[in-house]
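The values are calculated or read from the model by the stated rules, or taken from the named source; none is laboratory data. Please read these numbers as outputs of a predicted model, since none were measured by experiment. FYI the Cβ positions are ideal-geometry reconstructions off the backbone, even for glycines, and counts take in every protein chain you see. The area values use the complete protein model at the heavy-atom level, side chains included, leaving out ligands, DNA and RNA. Shrake-Rupley method; radii C 1.70, N 1.55, O 1.52, S 1.80 Å.
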There are 2 protein chains.
Amino acid sequence: MNNGRFAIALHLLTLLDQAKGELLSSEYLAGSININPVLVRKELSSLRKHGFVQSKEGKNGGSTLAVSAKEITLAAVYNSVKQLSLLGHQKNTPNPKCPVGKDINKHLNNLYNDTEKILIDQLNKKTLADFSQQFE
Amino acid sequence: MNNGRFAIALHLLTLLDQAKGELLSSEYLAGSININPVLVRKELSSLRKHGFVQSKEGKNGGSTLAVSAKEITLAAVYNSVKQLSLLGHQKNTPNPKCPVGKDINKHLNNLYNDTEKILIDQLNKKTLADFSQQFE
DNA sequence: CATTCTGTAATTATTTTTATTACAGTACAA
DNA sequence: TTGTACTGTAATAAAAATAATTACAGAATG
């Protein structure tokens, strides 16, 4: 992976799970993670699109899990936040005149994909419920 | 992982392997990767400290592999460039007054470590020789 | 002893990430 | 029916991380 979004997403989902259906505001969530509420709302927006979370607008609004924590695998969370490949990223623009440079991105990508597959298999074994349980 | 250093390191090592003992200059290496020679020299410095590479100073100097490509696992390369944990990083300073915030870093770290172990197992199965062979 | 390299520090530029500001829209509740 | 407390989102600014550049001392060669 590449970014702190995974940590934020998992933190959010854990808080929501612990709240057992009670609506939590982005202000409150941001306070626990200690980041800006707008970032929280952005991440919630992504989690919503992935079906993990539902939110209610307006006064007394907030967010809650949309599905049971048992149904959310950590692989699904990983997947929701990832945008780049695992071990690095292709801002690489190697020299196409070099036999190695010419093909390296292809081979790096194969390697990244293979490796990521293994990582996802691993994350598929754990659910949000497993993770959240640790806080009880 | 987190950075493009893995790609740079592997690219360098592949070039050195393909050169079959001939000394390559940082200028030449940088040309293939299409990055700054100083970055190359820094990465070579790290690879040297890890025993993968040796360099010769002065005129007609350059770098070459210090050990056979078969003895360099991709896990060892990964290890040489990693500085942060796999899935994110602890610039997190969650709210210690929140029961989740209080312990999340510990649990995230456990998760990262477990996951990274799997990733390293996977990378241990492949050597630089395997990777480099693809360019022939 | 001039030349061509490495090694490294220091500085600057670029890119990425995060925080902040701003404000429209929604829902509740007095 | 209107003030209040939320969400949603865009735009901007600040901060942090990465990479490039400049500079130069030191090593080996011829």
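Quick notes on this one:
- Heavy-atom accessible area ranking, 1.4 Å probe, most first, across B:Ile104, B:Ile35, B:Ile8: B:Ile35, B:Ile8, B:Ile104
- Copy-to-copy label separations for B:Pro37, where each label sits 7 Å from Cα toward Cβ, in nm and ascending: 5.5
- Over the range A:1-71, relative contact order from alpha-carbon pairs under 8 Å, at least 6 apart, %: 33 percent
- Electrostatic tally near B:Lys126: other residues with Cβ closer than 13 Å to its Cβ, Lys and Arg +1, Asp and Glu -1, net -2.
- Look at the alpha carbon pairs under 8 Å that are at least 6 residues apart: their mean separation over the length of the range A:5-133 gives a relative contact order of 29 percent.
- Here the range B:5-133 is treated with +1 on each Lys and Arg Cβ and -1 on each Asp and Glu Cβ, and its dipole about the Cα centre works out to around 400 debye.
- Neighbour count of at most 10 Cβ within 10 Å plus DSSP loop: longest trypsin sites (Lys or Arg not before Pro)-free window in chain B: B:98-136
- Mean shadow area of chain B over all directions, Cα convex hull, nm²: 9.4 nm²
- Averaged over the residues of peptide A:117-129, the number of Cβ atoms from other protein chains lying within 10 Å of each residue's Cβ is 3.
- Between the residues B:Ile72, B:Leu111, B:Ala7, the greatest Cα displacement towards the positive end of the dipole of the range B:5-133, with unit charges on the Cβ of Lys, Arg, Asp and Glu, is found for B:Leu111.
- Taking 7 Å steps out from each Cα toward its Cβ at B:Ser46 and B:Ala66 produces label points 1.5 nm apart.
- The GluC sites (Glu not before Pro) of the range B:16-86 that meet both conditions, a loop assignment by DSSP and at most 10 other Cβ atoms within 10 Å of the site Cβ, are B:Glu22, B:Glu57.
- Cα centre as origin, Lys/Arg/Asp/Glu Cβ charges: the protein assembly as shown dipole, Debye: 500 debye
- Net charge of neighbours whose Cβ lies under 12 Å from the Cβ of B:Lys49, counting Lys and Arg as +1 and Asp and Glu as -1: +1
- Fluctuation leader among B:Gln122, B:Gln18, B:Gln54 - chain B, Gaussian network, Cα springs under 10 angstrom: B:Gln122
- Radius 15 Å from Cβ of A:Ser26, net charge of other residues (Lys, Arg +1; Asp, Glu -1): +1
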